[in-house]
1. I want to verify a result. In a Gaussian network model of the chain, Cα cutoff 10 Å, which of these has the top mean-square fluctuation: 182, 67, 49?
2. Could you please state, rounded to a whole Å, how far the C-alpha centre of the range 45-95 is from the C-alpha centre of the range 176-199?
3. Using Cα atoms only, what is the angle between the long axis of helix 70-84 and the major principal axis of the chain, expressed in degrees (0 to 90) to the nearest 10?
4. Can you list the equivalent-ellipsoid semi-axes of the range 149-258, largest first and in whole Å, using the square root of 5 times each Cα gyration tensor eigenvalue?
5. Just to be sure I understand: with springs between alpha-carbon atoms less than 10 Å apart, which residue in 221, 137, 193 has the highest mean-square fluctuation in the Gaussian network model of the chain?
6. May I ask you to compute the full-extension gain from residue 103 to residue 47, defined as 0.36 nm times their residue separation minus their alpha-carbon distance, rounded to one decimal in nm?
7. How far, in nm, would the chain grow between residue 251 and residue 1 when pulled straight, counting 0.36 nm per residue and subtracting the alpha carbon separation?
8. At each listed q (0.14, 0.17 Å⁻¹), what is the log10 of I(q)/I(0) that the Debye formula gives for the range 11-247 modelled as equal alpha-carbon point scatterers?
């Protein structure tokens, strides 16, 4: 039987790959045969992920990259292509969340979230797409959030800049998908619900009252576990989704339906 998730000879570039969901996805790509380009500002932490992948028999390269800085992005993408020859998959995963409603956020806080979560995807895609066009296609997977379509009335959970940035990712995804399909490039995004990561472990996961309420409301009765995004990411990155583009797939245990 054909393995539609085989990524042998593919090069997958992952932003925000130094920890959490990005590191998990990078390891999943490697397990499916891809050579993984790990991008983040913290190169020392990337090396830990790289060594883990190589210890399991995979292939990985670590490159420093600040997704908010175009020169940094341009250099990282060019370096990857010079080393590996092509980029077949781009997982735009780098992101930040700063708590606050619009009347609480500073302009600097707003700009930081938008720059990382939305501008960063624009810059990465801008510099990767031409190389995908050259090879006749590719897969771009953007990490949005369930918070692109829902808010939270609990004041301590307000993250209005995050809401706006992740909703922007959905719109960017649809626009890119419509434009680049003719080049064989599919563009999709996923909307994770609550998963334990660096972004949530020191805030939401330490709030027992919030977790209890979340689990009661969630149809599956729990937050997402490490690795539970990988299946959707691999699907959208592989031949299995060859006729899927411009889609926003929520992975939240059903939280957004109740």
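None of the figures in this text is laboratory data; all of them are computed from the coordinates on show. Here the structure is a predicted model, which is why all the values come from computation and not from measurement.
1. Largest GNM mean-square fluctuation: 182.
2. 18
3. 40
4. Ellipsoid half-lengths, sorted descending, are 29, 16, 11 Å.
5. Maximum among the listed residues: 221.
6. Values: separation 56, 0.36 × 56 = 20.16 nm, distance 3.98 nm.
So the chain would gain 16.2 nm between residue 103 and residue 47.
7. Values: separation 250, 0.36 × 250 = 90.00 nm, distance 2.76 nm.
Extending this stretch completely gives an extra 87.2 nm.
8. At q = 0.14, 0.17 Å⁻¹ the computed log10 ratios are -0.89, -1.30.
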